[in-house]
Amino acid sequence: QVQLVESGGGLVQAGGSLRLSCAASGRIFGFNTMGWYRQAPGKQRELVASITSLRSTNYADSVKGRFTISRDNAKNTVYLQMNTLNPEDTAVYFCNARIGGNVYWGQGTQVTVSS
């Protein structure tokens, strides 16, 4: 089993920044992908960014140039640096891990951007 614990959400004004962290514990081995999804009220959960254990990254078009995903493999932690936030970024952000054919989710952290 793998457990994911997110931190770093909160309330920020438009144009501001936040950094999310996701610490993974448990059986983490081999090639894996960790990422962030978000879900706004009344909308489907969507991929924000992902990063493989080889540090290949993928971003949603809406966050390219503003968000940066990174990871520290020694700490089994993935980060999401979010800059130039706007109200459309308001959502619950979920950490996601794909390891050995299994998918794991964190409990989510709220990000609210005020205009």
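The values are calculated or read from the model by the stated rules, or taken from the named source; none is laboratory data. Not measured: the values here are computed from a predicted model. Here Cβ is always computed from backbone atoms with ideal geometry, including for glycine, and neighbour counts include all displayed protein chains. Note: areas computed on protein heavy atoms with side chains; ligands, DNA, RNA excluded. Shrake-Rupley method; radii C 1.70, N 1.55, O 1.52, S 1.80 Å.
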*Report, largest value first, the span of the C-alpha coordinates of the range 39-93 along each principal axis, in whole Å.*
36, 20, 17
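What does the net charge come to around residue 89 if you take all other residues with beta carbon closer than 15 Å to its beta carbon, with K and R at +1 and D and E at -1?
Its environment carries a net charge of +3.
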*According to the Kirkwood expression over distinct Cα-Cα pairs, how big is the hydrodynamic radius of the range 64-115, in Å?*
12.8 Å
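Keeping every protein chain in place, order 55, 45 by accessible area at 1.4 Å, biggest value first, i.e. largest first.
Heavy-atom accessible area, descending, gives 55, 45.
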*With viscosity set to 1.306 mPa s and temperature to 10 °C, compute the Stokes-Einstein D of the range 1-45, Rh being the Kirkwood radius across alpha carbon pairs; µm²/s, no decimals.*
120 µm²/s
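May I ask you to compute the full-extension gain from residue 61 to residue 103, defined as 0.36 nm times their residue separation minus their alpha-carbon distance, rounded to one decimal in nm? Mind showing how you got there, number by number?
Details: separation 42, 0.36 × 42 = 15.12 nm, distance 2.34 nm.
Using 0.36 nm per residue and subtracting the Cα-Cα distance, I get 12.8 nm.
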*Determine, for each peptide in 4-11, 34-41, the mean count of other beta carbons within 10 angstrom over its residues, then list the peptides with the highest first.*
34-41, 4-11
*May I have the convex hull volume per residue, in Å³, for the Cα set of the chain?*
93 Å³
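Under 12 Å from the Cβ of residue 113, count the other residues' Cβ atoms, weight Lys and Arg +1, Asp and Glu -1, and hand me the total.
Working: positive: 38, 66; negative: 88, 89.
Local charge sum for residue 113: 0.
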*Cα-centred dipole magnitude for the chain, charges only on beta-carbon of K, R (+1) and D, E (-1), debye, nearest 20*: 240 debye
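Would you mind getting the accessible area per residue of the chain, heavy atoms of the protein chains only, 1.4 Å probe, in Å²? Mind showing how you got there, number by number?
Values: 6000 Å² over 115 residues.
Spelled out: the 1.4 Å probe surface of the chain, per residue, equals 52 Å².
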_Simple label model, 7 Å out from Cα along Cβ direction - residue 46 to residue 17, nm_ = 2.4 nm
